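Written below as structure tokens is the structure these notes are about.
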Amino acid sequence: MRTKLVAGNWKMNGNLASNQALLEAVIPALAPLKRANYAVCVPFPYLAQAQHTLRGSNVALGTQDVCQFDGGAYTGGVSAAMLVDFGCRYVIVGHSERRSAFGESDEVVAFKFAAAIKHRLTPILCVGETLAERESGLTEAVVARQLDAVVKRCSLAALGQCVIAYEPVWAIGTGRTATPQQAQAVHATIRARVAAADRRLADELVILYGGSVKAANAAQLFAMPDVDGGLIGGASLAADEFIAICRAAVGAEEIVRA
Ligand code: PGA
């Protein structure tokens, strides 16, 4: 049975003081919420701060990128082993902002995914179409291509060690959320694609939705049968919003289990 996951993606935001205030508000509020899983994906310079502050809490630590290489002469790179050293559990790979602003190809994303798996980090693999692709009826093809690149490099079984995040590019940071039905349709397609090769793996696969998730729309999204939680950008920077989204995940879990 899948457990809902809510992961905050802080992106390139925050400072020592604001991070501390945010984490100190979030940690006690989530402590009694046992029925879902939580994580925050922080910028690299704040790993030590987040590791220290999250210690003993039920909020896991993650980052937003990893170098595809293991170590050595790669100026500016941060390796998977370094992330493990800081107690990271999750790493976002293939976020659309990395694909578009940093030129990461499907192939590079697949190498980063492989680096994460090799070091037992859980990659949160982001997939999703642009507005032009959606309007051309290419959503399914784009998502399939992004998934297949990883499967080709790492094997289908590797999907058993990851989380998928469906993030339509047109919904990220725009305030324009996919409707629960639009999200559900793509999530079901992703699950069906994996199920065609391995039913059990597909049933266990956690598929998050990302793109303008807020306290006001989280419950409807999380009520969809194939939406297993959210990857939260802007709303993860406001403690009250993030906590309310986490509560919505718990509420959805309780409905499933009842
Ligand atoms: P958003 O970002 O919630 O601000 O739309 C989501 C993401 O990019 O992961």
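Listed values, structure above:
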| item | result |
| --- | --- |
| Of all DSSP beta bridges in the range 4-257, antiparallel share, percent nearest 5 | 0 |
| Accessible surface of the chain [probe 1.4 Å, protein heavy atoms]: carbon and sulfur percent | 56 |
| Sorted largest first, extent of the chain alpha carbons per principal axis (Å) | 51, 45, 34 |
| C-alpha center-to-center spacing [the range 97-128, the range 17-34] in angstrom | 28 |
| DSSP beta bridges in the range 1-103 [antiparallel fraction, %, rounded to 5] | 0 |
| Centroid-to-centroid separation of the range 205-246 and the range 49-86 [C-alpha atoms, Å] | 24 |
| Choice from Arg191, Arg145, Arg89 with maximal GNM fluctuation in the chain (Cα, 10 Å cutoff) | Arg145 |
| Distant-in-sequence amide H partners of Gly230 (H built 1.01 Å from N, under 5 Å) | Leu5, Val6, Ala7, Tyr209 |
| Trp10 long-range amide H proximity, modeled H, under 5 Å | Cys41 |
| Heavy-atom accessible area ranking, 1.4 Å probe, most first, across Lys34, Lys214, Lys152 | Lys152, Lys34, Lys214 |
| Calculated FRET value between Ala144 and Arg89, using beta carbons and R₀ = 35 Å, to 0.05 | 0.80 |
| Zone residues, the range 68-104, relative to Thr130, backbone N less than 11 Å from point 7 Å out along Cα-to-Cβ | 100-101 |
| Added length on full extension, which subtracts the Cα-Cα distance from 0.36 nm per residue, Ala238 to Ala192 | 13.1 nm |
| FRET efficiency, 1/(1 + (r/R0)^6) with R0 30 Å, evaluated for Arg200 and Arg35 via beta carbons | 0.85 |
| Table column - 3J(HN,Hα) (Hz), the range 140-156, Karplus curve with 6.51, -1.76, 1.60, x for Gly and Pro | 4, 5, 5, 5, 5, 5, 5, 5, 4, 4, 6, 5, 4, 6, 10, 5, 5 |
| Per residue accessible area of the chain, 1.4 Å probe, in Å² | 44 |
| The chain: calculated mean residue ellipticity at 222 nm from DSSP helix runs of at least 4, using -39500 (n - 2.57) | -13500 deg cm²/dmol |
| Over the range 48-111, equivalent-ellipsoid semi-axes from the Cα gyration tensor in Å | 24, 15, 9 |
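The values are calculated or read from the model by the stated rules, or taken from the named source; none is laboratory data. From a predicted model like this one, the values you see are computed outputs, not experimental measurements. A quick note on method: Cβ atoms are made from the backbone with ideal geometry, for glycine too, and the neighbour counts reach across all protein chains shown. For accessibility, only protein heavy atoms count, side chains too; no ligands or nucleic acids. Shrake-Rupley method; radii C 1.70, N 1.55, O 1.52, S 1.80 Å.
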